[in-house]
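Worksheet: one structure, shown below.
The values are calculated or read from the model by the stated rules, or taken from the named source; none is laboratory data. Bear in mind that the values here come from a model prediction, so they are computed numbers and not experimental data. Cβ atoms come from the backbone with ideal geometry, glycine included; neighbour counts cover every protein chain shown.
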Amino acid sequence: MPNNVIVLGTQWGDEGKGKVADLLTTEASCVVRSQGGNNAGHTLVAGDKKIVVRLVPSGILHPSCQCLIGSGVVVNPDALFGEIEELKAAGITDAEQRIKVSAGCALLLPIHPAIDKGAEKKRGRNAIGTTGRGIGPCYEDKVARRGVRVGDLAYPEILKEKLRSLMDYRNFLLRNFYDEPEVSFDEVYSHLIELAPRLLAMTADISAILADARAKQQKVLFEGAQGTFLDIDYGTYPFVTSSNTVAGGCCTGSGAGPLHMDYVLGIGKAYTTRVGGGPFPTELNDETGEHIRKAGQEFGAVTGRPRRTGWFDAVAMRRAVQINSLSGLALMKLDVLDGMQELKICTAYKLKDGTVTELPPLAAYEYADVEPVYETMPGWSESTFGVTDFAKLPVNAQNYIRRLEELSGVKVAILSTGPERSQTIFFENPFA
(Lines give C-alpha, C1' and ligand atoms only; values in the text may rest on other atoms or scores of the structure.)
Protein backbone atom coordinates (compact mmCIF):
# COMPACT_ATOMS: atom_id res chain seq x y z
CA MET A 1 0.00 0.00 0.00
CA PRO A 2 1.46 3.41 -0.97
CA ASN A 3 2.37 5.47 2.08
CA ASN A 4 4.51 8.25 0.57
CA VAL A 5 2.81 10.29 -2.15
CA ILE A 6 4.27 13.27 -4.00
CA VAL A 7 1.91 15.95 -5.34
CA LEU A 8 3.47 18.40 -7.79
CA GLY A 9 2.62 20.76 -10.64
CA THR A 10 3.15 19.63 -14.23
CA GLN A 11 2.81 23.00 -15.95
CA TRP A 12 3.95 26.53 -14.94
CA GLY A 13 2.43 26.47 -11.46
CA ASP A 14 -1.06 27.49 -10.28
CA GLU A 15 -2.47 24.12 -11.37
CA GLY A 16 -4.71 23.59 -8.35
CA LYS A 17 -2.34 21.64 -6.12
CA GLY A 18 -3.97 23.08 -3.00
CA LYS A 19 -7.29 21.35 -3.55
CA VAL A 20 -5.71 17.98 -4.34
CA ALA A 21 -3.30 18.17 -1.42
CA ASP A 22 -6.21 19.07 0.84
CA LEU A 23 -8.23 16.11 -0.46
CA LEU A 24 -5.43 13.62 0.10
CA THR A 25 -4.50 15.04 3.49
CA THR A 26 -7.60 13.47 5.00
CA GLU A 27 -5.60 10.21 4.85
CA ALA A 28 -2.16 11.60 5.75
CA SER A 29 -0.43 11.86 9.10
CA CYS A 30 2.08 14.39 7.75
CA VAL A 31 2.23 16.90 4.92
CA VAL A 32 5.67 18.15 3.89
CA ARG A 33 6.80 21.23 1.97
CA SER A 34 10.25 20.72 0.46
CA GLN A 35 11.03 23.78 -1.69
CA GLY A 36 10.00 27.33 -2.52
CA GLY A 37 8.95 30.02 -0.09
CA ASN A 38 6.09 32.42 0.47
CA ASN A 39 5.93 33.14 -3.27
CA ALA A 40 3.71 30.10 -3.80
CA GLY A 41 0.08 30.28 -2.73
CA HIS A 42 -2.23 27.29 -2.43
CA THR A 43 -5.91 28.09 -2.16
CA LEU A 44 -7.90 25.80 0.13
CA VAL A 45 -11.69 25.81 0.20
CA ALA A 46 -13.44 24.62 3.35
CA GLY A 47 -17.18 25.18 3.26
CA ASP A 48 -17.71 28.88 2.73
CA LYS A 49 -14.14 29.69 3.76
CA LYS A 50 -11.33 30.29 1.29
CA ILE A 51 -7.89 30.10 2.88
CA VAL A 52 -4.62 30.82 1.07
CA VAL A 53 -1.53 29.13 2.51
CA ARG A 54 1.96 30.06 1.31
CA LEU A 55 4.62 28.59 3.58
CA VAL A 56 2.32 26.44 5.68
CA PRO A 57 1.59 22.98 4.23
CA SER A 58 -1.98 22.36 3.06
CA GLY A 59 -2.62 19.79 5.79
CA ILE A 60 -3.14 22.59 8.30
CA LEU A 61 -6.94 22.36 7.85
CA HIS A 62 -6.91 18.83 9.29
CA PRO A 63 -6.42 18.74 13.09
CA SER A 64 -4.69 15.35 13.15
CA CYS A 65 -2.14 16.26 10.48
CA GLN A 66 1.41 17.34 11.27
CA CYS A 67 2.77 20.04 8.93
CA LEU A 68 6.48 19.87 8.13
CA ILE A 69 8.69 22.46 6.41
CA GLY A 70 11.81 20.79 5.04
CA SER A 71 15.28 22.26 4.68
CA GLY A 72 14.77 22.98 0.98
CA VAL A 73 12.26 25.73 1.82
CA VAL A 74 13.37 29.35 2.35
CA VAL A 75 11.55 30.77 5.36
CA ASN A 76 10.56 34.39 5.86
CA PRO A 77 9.76 34.38 9.61
CA ASP A 78 7.48 37.41 9.41
CA ALA A 79 5.53 35.82 6.56
CA LEU A 80 5.27 32.54 8.48
CA PHE A 81 4.02 34.15 11.67
CA GLY A 82 1.67 36.40 9.70
CA GLU A 83 0.19 33.33 8.06
CA ILE A 84 -0.21 31.63 11.43
CA GLU A 85 -2.15 34.67 12.67
CA GLU A 86 -4.40 34.49 9.59
CA LEU A 87 -5.06 30.83 10.35
CA LYS A 88 -5.88 31.64 13.98
CA ALA A 89 -8.37 34.25 12.77
CA ALA A 90 -9.94 31.55 10.60
CA GLY A 91 -10.40 29.31 13.66
CA ILE A 92 -7.26 27.16 13.35
CA THR A 93 -5.80 28.01 16.75
CA ASP A 94 -3.28 25.16 17.02
CA ALA A 95 -1.39 25.93 13.80
CA GLU A 96 1.84 26.96 15.51
CA GLN A 97 1.99 23.78 17.57
CA ARG A 98 1.45 21.53 14.52
CA ILE A 99 4.02 23.18 12.24
CA LYS A 100 7.60 21.92 12.44
CA VAL A 101 10.45 23.72 10.65
CA SER A 102 13.85 22.28 9.74
CA ALA A 103 16.80 24.01 11.39
CA GLY A 104 18.44 23.79 7.96
CA CYS A 105 15.97 26.14 6.27
CA ALA A 106 17.54 29.29 4.86
CA LEU A 107 16.15 32.47 6.44
CA LEU A 108 14.68 34.97 4.02
CA LEU A 109 15.71 38.37 5.35
CA PRO A 110 14.41 41.91 4.65
CA ILE A 111 17.39 42.55 2.41
CA HIS A 112 16.36 39.79 -0.01
CA PRO A 113 13.19 41.47 -1.35
CA ALA A 114 15.21 44.69 -1.74
CA ILE A 115 17.75 42.85 -3.90
CA ASP A 116 14.99 41.03 -5.80
CA LYS A 117 13.19 44.24 -6.73
CA GLY A 118 16.45 46.00 -7.58
CA ALA A 119 17.48 43.15 -9.87
CA GLU A 120 14.14 43.13 -11.70
CA LYS A 121 14.36 46.91 -12.17
CA LYS A 122 17.90 46.53 -13.53
CA ARG A 123 16.83 43.89 -16.05
CA GLY A 124 14.31 46.27 -17.59
CA ARG A 125 12.43 44.69 -20.48
CA ASN A 126 14.23 41.40 -19.78
CA ALA A 127 12.69 41.15 -16.30
CA ILE A 128 11.90 37.59 -15.26
CA GLY A 129 8.62 38.48 -13.58
CA THR A 130 9.47 37.41 -10.03
CA THR A 131 7.05 38.04 -7.18
CA GLY A 132 9.56 40.42 -5.61
CA ARG A 133 9.50 38.48 -2.34
CA GLY A 134 13.23 37.79 -2.31
CA ILE A 135 13.08 34.05 -2.98
CA GLY A 136 15.80 34.02 -5.65
CA PRO A 137 18.34 36.12 -3.74
CA CYS A 138 17.78 33.98 -0.64
CA TYR A 139 18.49 30.78 -2.59
CA GLU A 140 21.50 32.53 -4.14
CA ASP A 141 22.94 33.25 -0.69
CA LYS A 142 22.23 29.68 0.37
CA VAL A 143 24.11 28.20 -2.58
CA ALA A 144 26.96 30.71 -2.16
CA ARG A 145 27.30 29.46 1.47
CA ARG A 146 26.80 32.90 2.95
CA GLY A 147 23.16 32.28 3.95
CA VAL A 148 21.72 32.45 7.45
CA ARG A 149 19.74 29.40 8.57
CA VAL A 150 16.98 28.86 11.11
CA GLY A 151 19.35 26.90 13.37
CA ASP A 152 21.73 29.88 13.55
CA LEU A 153 19.16 31.71 15.68
CA ALA A 154 20.25 29.58 18.64
CA TYR A 155 23.76 31.07 18.50
CA PRO A 156 23.53 34.89 18.66
CA GLU A 157 27.24 35.59 18.14
CA ILE A 158 27.52 33.23 15.17
CA LEU A 159 24.30 34.71 13.83
CA LYS A 160 25.72 38.24 14.13
CA GLU A 161 28.91 37.30 12.27
CA LYS A 162 27.11 35.51 9.45
CA LEU A 163 24.48 38.21 9.12
CA ARG A 164 27.11 40.96 9.04
CA SER A 165 28.99 39.22 6.22
CA LEU A 166 25.83 38.65 4.18
CA MET A 167 24.47 42.15 4.64
CA ASP A 168 27.78 43.88 3.93
CA TYR A 169 27.87 42.12 0.58
CA ARG A 170 24.23 42.70 -0.25
CA ASN A 171 24.24 46.35 0.84
CA PHE A 172 27.29 46.96 -1.33
CA LEU A 173 25.25 45.71 -4.30
CA LEU A 174 22.21 47.76 -3.34
CA ARG A 175 24.27 50.92 -3.03
CA ASN A 176 26.69 50.55 -5.94
CA PHE A 177 24.97 48.37 -8.52
CA TYR A 178 21.22 48.74 -8.07
CA ASP A 179 21.28 52.35 -6.83
CA GLU A 180 18.85 51.48 -4.05
CA PRO A 181 18.90 52.37 -0.32
CA GLU A 182 20.69 50.03 2.09
CA VAL A 183 18.95 47.85 4.67
CA SER A 184 19.91 48.40 8.32
CA PHE A 185 22.00 45.60 9.85
CA ASP A 186 21.10 46.63 13.40
CA GLU A 187 17.36 46.54 12.70
CA VAL A 188 17.51 43.13 11.03
CA TYR A 189 19.71 41.60 13.75
CA SER A 190 17.55 42.95 16.58
CA HIS A 191 14.42 41.66 14.88
CA LEU A 192 15.91 38.18 14.44
CA ILE A 193 16.95 38.04 18.10
CA GLU A 194 13.44 39.08 19.08
CA LEU A 195 11.68 36.36 17.08
CA ALA A 196 14.32 33.64 17.65
CA PRO A 197 12.67 31.92 20.67
CA ARG A 198 9.35 31.58 18.86
CA LEU A 199 10.84 30.13 15.68
CA LEU A 200 13.32 27.88 17.49
CA ALA A 201 10.42 26.37 19.46
CA MET A 202 9.04 25.17 16.11
CA THR A 203 12.24 23.54 14.84
CA ALA A 204 12.62 19.79 14.45
CA ASP A 205 14.60 17.13 12.61
CA ILE A 206 12.27 16.69 9.64
CA SER A 207 14.20 13.79 8.11
CA ALA A 208 13.95 11.87 11.40
CA ILE A 209 10.21 12.55 11.66
CA LEU A 210 9.72 11.20 8.12
CA ALA A 211 11.82 8.11 8.86
CA ASP A 212 9.73 7.46 11.98
CA ALA A 213 6.50 7.88 10.01
CA ARG A 214 7.71 5.37 7.45
CA ALA A 215 8.68 2.88 10.16
CA LYS A 216 5.14 3.19 11.54
CA GLN A 217 3.67 2.85 8.02
CA GLN A 218 1.96 6.22 8.32
CA LYS A 219 0.85 8.05 5.19
CA VAL A 220 2.86 11.12 4.21
CA LEU A 221 2.05 13.68 1.53
CA PHE A 222 4.91 15.58 -0.11
CA GLU A 223 3.49 18.86 -1.34
CA GLY A 224 5.26 20.56 -4.24
CA ALA A 225 5.15 24.28 -4.98
CA GLN A 226 5.20 26.05 -8.38
CA GLY A 227 5.34 23.66 -11.38
CA THR A 228 7.64 21.47 -13.48
CA PHE A 229 8.46 24.13 -16.07
CA LEU A 230 9.51 26.58 -13.38
CA ASP A 231 12.20 24.15 -12.18
CA ILE A 232 15.65 25.76 -11.98
CA ASP A 233 17.17 22.90 -14.03
CA TYR A 234 14.34 21.66 -16.25
CA GLY A 235 12.14 24.73 -16.68
CA THR A 236 12.19 27.48 -19.29
CA TYR A 237 15.43 28.96 -17.95
CA PRO A 238 15.99 31.78 -17.00
CA PHE A 239 12.22 32.36 -16.62
CA VAL A 240 12.03 29.92 -13.74
CA THR A 241 11.91 29.82 -9.96
CA SER A 242 15.02 29.22 -7.84
CA SER A 243 14.41 25.69 -6.60
CA ASN A 244 13.84 22.18 -7.93
CA THR A 245 10.11 21.79 -8.41
CA VAL A 246 10.29 18.28 -9.90
CA ALA A 247 9.83 15.02 -8.00
CA GLY A 248 13.51 14.67 -7.14
CA GLY A 249 13.39 17.99 -5.32
CA CYS A 250 10.88 16.55 -2.86
CA CYS A 251 13.53 14.13 -1.66
CA THR A 252 16.45 16.54 -1.35
CA GLY A 253 14.31 19.26 0.19
CA SER A 254 12.69 17.06 2.82
CA GLY A 255 15.36 14.53 3.73
CA ALA A 256 13.34 11.51 2.57
CA GLY A 257 15.07 8.84 0.48
CA PRO A 258 14.07 8.47 -3.19
CA LEU A 259 13.34 4.76 -2.85
CA HIS A 260 10.76 5.60 -0.19
CA MET A 261 8.43 7.35 -2.67
CA ASP A 262 5.48 5.23 -3.70
CA TYR A 263 3.36 7.41 -5.99
CA VAL A 264 3.91 10.65 -7.92
CA LEU A 265 0.72 12.54 -8.69
CA GLY A 266 1.05 15.32 -11.24
CA ILE A 267 -1.44 18.21 -11.19
CA GLY A 268 -2.45 19.90 -14.43
CA LYS A 269 -5.33 21.99 -15.70
CA ALA A 270 -7.55 20.96 -18.61
CA TYR A 271 -5.92 23.93 -20.33
CA THR A 272 -2.66 25.77 -19.52
CA THR A 273 -1.74 28.96 -17.65
CA ARG A 274 1.42 30.85 -16.84
CA VAL A 275 2.30 33.87 -14.69
CA GLY A 276 5.21 36.17 -15.41
CA GLY A 277 7.58 36.28 -18.37
CA GLY A 278 8.93 33.43 -20.46
CA PRO A 279 7.87 31.10 -23.28
CA PHE A 280 4.28 29.92 -23.54
CA PRO A 281 3.71 28.21 -26.93
CA THR A 282 -0.06 27.72 -26.62
CA GLU A 283 -0.84 31.18 -25.22
CA LEU A 284 -4.12 32.77 -26.35
CA ASN A 285 -4.00 36.54 -26.66
CA ASP A 286 -7.57 36.80 -27.87
CA GLU A 287 -11.20 36.56 -26.75
CA THR A 288 -10.87 32.83 -26.12
CA GLY A 289 -7.93 33.40 -23.78
CA GLU A 290 -9.84 36.13 -21.94
CA HIS A 291 -12.89 33.88 -21.64
CA ILE A 292 -10.76 31.13 -20.03
CA ARG A 293 -9.18 33.68 -17.68
CA LYS A 294 -12.54 34.97 -16.48
CA ALA A 295 -14.28 31.58 -16.33
CA GLY A 296 -11.34 30.03 -14.47
CA GLN A 297 -10.75 33.07 -12.24
CA GLU A 298 -7.14 32.97 -13.33
CA PHE A 299 -5.56 35.48 -11.02
CA GLY A 300 -2.66 34.75 -8.65
CA ALA A 301 -3.63 33.59 -5.15
CA VAL A 302 -0.76 35.55 -3.60
CA THR A 303 -0.05 38.36 -6.06
CA GLY A 304 -3.45 38.85 -7.73
CA ARG A 305 -1.67 39.04 -11.09
CA PRO A 306 -3.74 37.94 -14.12
CA ARG A 307 -2.47 34.65 -15.47
CA ARG A 308 -1.68 34.07 -19.12
CA THR A 309 -3.96 31.39 -20.58
CA GLY A 310 -3.70 28.89 -23.43
CA TRP A 311 -4.68 25.51 -24.79
CA PHE A 312 -3.56 22.23 -23.18
CA ASP A 313 0.06 21.50 -24.12
CA ALA A 314 0.58 17.74 -24.45
CA VAL A 315 4.19 18.29 -25.56
CA ALA A 316 5.05 19.91 -22.24
CA MET A 317 3.02 17.31 -20.35
CA ARG A 318 5.02 14.48 -21.95
CA ARG A 319 8.20 16.02 -20.59
CA ALA A 320 6.60 16.40 -17.15
CA VAL A 321 5.62 12.71 -17.21
CA GLN A 322 9.16 11.79 -18.19
CA ILE A 323 11.20 13.73 -15.64
CA ASN A 324 8.82 13.23 -12.73
CA SER A 325 8.03 9.55 -13.41
CA LEU A 326 4.35 10.37 -12.93
CA SER A 327 2.12 7.59 -11.63
CA GLY A 328 -1.08 9.50 -12.43
CA LEU A 329 -2.50 12.91 -13.28
CA ALA A 330 -5.02 15.06 -11.43
CA LEU A 331 -6.80 17.06 -14.15
CA MET A 332 -8.25 20.30 -12.81
CA LYS A 333 -10.89 22.83 -13.90
CA LEU A 334 -12.61 20.80 -16.57
CA ASP A 335 -15.76 22.87 -15.99
CA VAL A 336 -13.99 26.04 -17.20
CA LEU A 337 -14.20 24.64 -20.74
CA ASP A 338 -18.00 24.24 -20.61
CA GLY A 339 -19.83 25.94 -23.46
CA MET A 340 -16.89 26.19 -25.86
CA GLN A 341 -17.67 25.03 -29.39
CA GLU A 342 -14.26 23.52 -30.04
CA LEU A 343 -11.09 22.81 -28.11
CA LYS A 344 -7.51 22.59 -29.28
CA ILE A 345 -4.71 20.41 -27.97
CA CYS A 346 -1.05 21.05 -28.79
CA THR A 347 0.32 17.69 -29.97
CA ALA A 348 3.76 18.74 -31.26
CA TYR A 349 6.04 21.74 -31.85
CA LYS A 350 7.06 22.74 -35.37
CA LEU A 351 10.52 24.26 -35.50
CA LYS A 352 11.84 26.97 -37.81
CA ASP A 353 13.51 24.46 -40.13
CA GLY A 354 10.23 22.60 -40.57
CA THR A 355 11.04 19.65 -38.33
CA VAL A 356 8.49 18.53 -35.78
CA THR A 357 9.34 17.58 -32.21
CA GLU A 358 7.18 15.87 -29.62
CA LEU A 359 9.27 17.03 -26.63
CA PRO A 360 9.95 20.65 -25.60
CA PRO A 361 13.38 22.36 -25.64
CA LEU A 362 15.30 23.02 -22.43
CA ALA A 363 16.20 26.69 -22.87
CA ALA A 364 13.89 29.68 -23.17
CA TYR A 365 15.54 31.14 -26.28
CA GLU A 366 14.95 27.88 -28.18
CA TYR A 367 11.19 28.55 -27.95
CA ALA A 368 11.47 31.72 -30.06
CA ASP A 369 10.59 30.02 -33.32
CA VAL A 370 8.41 27.22 -31.94
CA GLU A 371 4.99 26.90 -33.57
CA PRO A 372 2.40 24.71 -31.81
CA VAL A 373 0.81 21.95 -33.87
CA TYR A 374 -2.85 21.62 -32.89
CA GLU A 375 -5.45 18.91 -32.95
CA THR A 376 -9.04 20.17 -32.75
CA MET A 377 -11.81 18.40 -30.85
CA PRO A 378 -15.50 19.30 -30.48
CA GLY A 379 -16.49 20.99 -27.22
CA TRP A 380 -19.70 20.52 -25.22
CA SER A 381 -22.60 22.74 -24.27
CA GLU A 382 -23.70 20.84 -21.14
CA SER A 383 -22.39 21.77 -17.69
CA THR A 384 -19.74 19.59 -16.07
CA PHE A 385 -19.68 21.68 -12.89
CA GLY A 386 -19.90 19.50 -9.80
CA VAL A 387 -20.35 16.22 -11.69
CA THR A 388 -18.99 13.32 -9.64
CA ASP A 389 -19.63 10.41 -12.03
CA PHE A 390 -17.49 10.14 -15.15
CA ALA A 391 -20.31 8.39 -17.05
CA LYS A 392 -22.52 11.46 -16.49
CA LEU A 393 -20.10 13.83 -18.16
CA PRO A 394 -20.90 14.93 -21.73
CA VAL A 395 -19.55 12.42 -24.24
CA ASN A 396 -17.31 15.06 -25.81
CA ALA A 397 -15.85 15.85 -22.38
CA GLN A 398 -15.15 12.16 -21.83
CA ASN A 399 -13.48 11.95 -25.23
CA TYR A 400 -11.39 15.03 -24.51
CA ILE A 401 -10.07 13.57 -21.26
CA ARG A 402 -9.23 10.21 -22.85
CA ARG A 403 -7.42 11.97 -25.68
CA LEU A 404 -5.33 13.97 -23.21
CA GLU A 405 -4.33 10.68 -21.57
CA GLU A 406 -3.29 9.21 -24.93
CA LEU A 407 -1.25 12.22 -25.97
CA SER A 408 0.38 12.78 -22.60
CA GLY A 409 1.19 9.16 -21.79
CA VAL A 410 -0.32 9.25 -18.30
CA LYS A 411 -3.68 8.16 -16.90
CA VAL A 412 -6.02 10.58 -15.17
CA ALA A 413 -6.30 9.46 -11.55
CA ILE A 414 -8.36 12.42 -10.29
CA LEU A 415 -10.70 14.76 -12.19
CA SER A 416 -11.84 18.05 -10.67
CA THR A 417 -15.14 19.62 -11.75
CA GLY A 418 -15.26 22.49 -9.23
CA PRO A 419 -13.41 24.05 -6.29
CA GLU A 420 -15.12 22.10 -3.50
CA ARG A 421 -13.70 18.84 -2.18
CA SER A 422 -16.89 17.03 -3.16
CA GLN A 423 -16.67 18.18 -6.80
CA THR A 424 -14.17 15.49 -7.69
CA ILE A 425 -14.09 12.19 -9.58
CA PHE A 426 -11.61 9.60 -8.30
CA PHE A 427 -10.44 6.98 -10.79
CA GLU A 428 -7.61 5.97 -8.49
CA ASN A 429 -6.65 6.90 -4.94
CA PRO A 430 -2.87 7.46 -4.77
CA PHE A 431 -2.83 6.22 -1.17
CA ALA A 432 -4.82 3.07 -1.95
Point to revise | Selected residue [in contact with a Phe, Trp or Tyr (Cβ under 8 Å, 6 or more places away or on another chain), in contact (Cβ under 8 Å) with a residue 40 or more places away in the chain and of a type in the set (Ser, Thr, Tyr)] from Thr384, Thr357 | key: Thr357
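Residues checked against (1) touching a Ser or Thr at 6+ places or on another chain (Cβ under 6 Å); (2) within 26 Å of Ala247 (Cβ to Cβ):
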| position | (1), (2) |
| --- | --- |
| Gly278 | yes, yes |
| Pro281 | no, yes |
| Arg293 | yes, no |
| Gly310 | yes, yes |
| Asp313 | yes, yes |
| Ser327 | no, yes |
Review point. Out of the residues in region 136-171 that are among the hydroxyl-bearing types (Ser, Thr, Tyr) and part of a helix (DSSP H, G or I), which is surrounded by the fewest Cβ atoms within 10 Å (Cβ to Cβ)?
Key: Ser165
Review point. Does Leu337 count as among the hydrophobic types (A, V, I, L, M, F, W, C), touching a Ser or Thr at 6+ places or on another chain (Cβ under 7 Å) and surrounded by 13 or more Cβ atoms within 10 Å (Cβ to Cβ)?
Key: no
Review point. Can you find even one residue in region 106-127 that is under 16 Å from Val240 (Cα atoms), touching a residue at least 40 places away in the same chain (Cβ under 8 Å), assigned by TED's automatic domain parsing to the domain that holds His191 and not in a helix (DSSP H, G or I)?
Key: yes
Study note, to complete from the structure: In region 406-432, anything in a helix (DSSP H, G or I) and free of Cβ contacts under 8 Å to residues at least 40 places away in the same chain is listed as Glu406
Practice item. Give region 272-298 a look and list any residue that's assigned to a strand (DSSP E or B) and closer than 21 Å to Ala330 by Cβ, or say none. Key: Thr272, Thr273, Arg274
**Study point:** Selected residue [modelled with pLDDT under 95 and under 28 Å from Ser254 (Cα atoms)] from Ile158, Ile128, Ile111
**Key:** Ile128
Check your understanding: Which one is surrounded by the fewest Cβ atoms within 10 Å (Cβ to Cβ), of the residues in region 340-358 that are among the hydrophobic types (A, V, I, L, M, F, W, C) and at pLDDT below 95?
Key -> Val356
Revision key, fill the gap. Restricting attention to region 1-31, the residues that are touching a helix residue (DSSP H, G or I) at 6+ places or on another chain (Cβ under 7 Å) and hydrophobic (A, V, I, L, M, F, W, C) number exactly 9
Review point. Hey, among Leu331, Leu326, Leu362, which residue is assigned to a loop (DSSP other than H, G, I, E, B), crowded, with 22+ Cβ neighbours inside 10 Å and within 28 Å of the chain's Cα centre (by Cα)?
Key: Leu326
Exercise for review: Starting from region 191-205, take each residue that is touching a residue at least 40 places away in the same chain (Cβ under 8 Å) and farther than 18 Å from Arg164 by Cβ and list its partners that are part of a loop (DSSP other than H, G, I, E, B) and among the small types (Gly, Ala, Ser), counting only C-beta distances under 7 angstrom and pairs at least six apart or across chains.
Suggested key: Thr203/Ala103
Practice item. Hey, could you check region 189-223 for residues that are of a type in the set (Lys, Arg) and part of a loop (DSSP other than H, G, I, E, B) and say which is surrounded by the most Cβ atoms within 10 Å (Cβ to Cβ)? Key: Lys219
Practice item. Please verify whether region 359-372 includes one or more residues that are modelled with pLDDT of 95 or more and hydrophobic (A, V, I, L, M, F, W, C). Key: no
Study note, to complete from the structure: Counted residues in region 39-53 being outside any strand (DSSP E or B) and either over 18 Å from the mean Cα position of the chain (by Cα) or at pLDDT 90 or above (or both) come to 2
Check your understanding: Does Tyr349 qualify as being in contact (Cβ under 8 Å) with a residue 40 or more places away in the chain, farther than 22 Å from Glu15 by Cα and of a type in the set (Phe, Trp, Tyr)?
Key -> yes
Practice item. Give just the number: which of (1) over 20 Å from the mean Cα position of the chain (by Cα); (2) in a strand (DSSP E or B) does Ser64 not satisfy? Key: (2)
Point to revise | Within region 1-11, tally of residues that are out of contact with any Pro (no Cβ under 7 Å at 6 or more places or on another chain) and modelled with pLDDT of 95 or more | key: 7
Review point. Quick check, is Lys100 farther than 20 Å from Lys50 by Cβ and surrounded by fewer than 20 Cβ atoms within 10 Å (Cβ to Cβ)?
Key: yes
Review point. How many residues, within region 248-267, are out of contact with any Leu (no Cβ under 6 Å at 6 or more places or on another chain) and modelled with pLDDT of 95 or more?
Key: 13
Revision key, fill the gap. The residue from Pro57, Pro110, Pro77 that alone is surrounded by fewer than 17 Cβ atoms within 10 Å (Cβ to Cβ) and either touching a strand residue (DSSP E or B) at 6+ places or on another chain (Cβ under 8 Å) or closer than 19 Å to Thr131 by Cα (or both) is Pro110
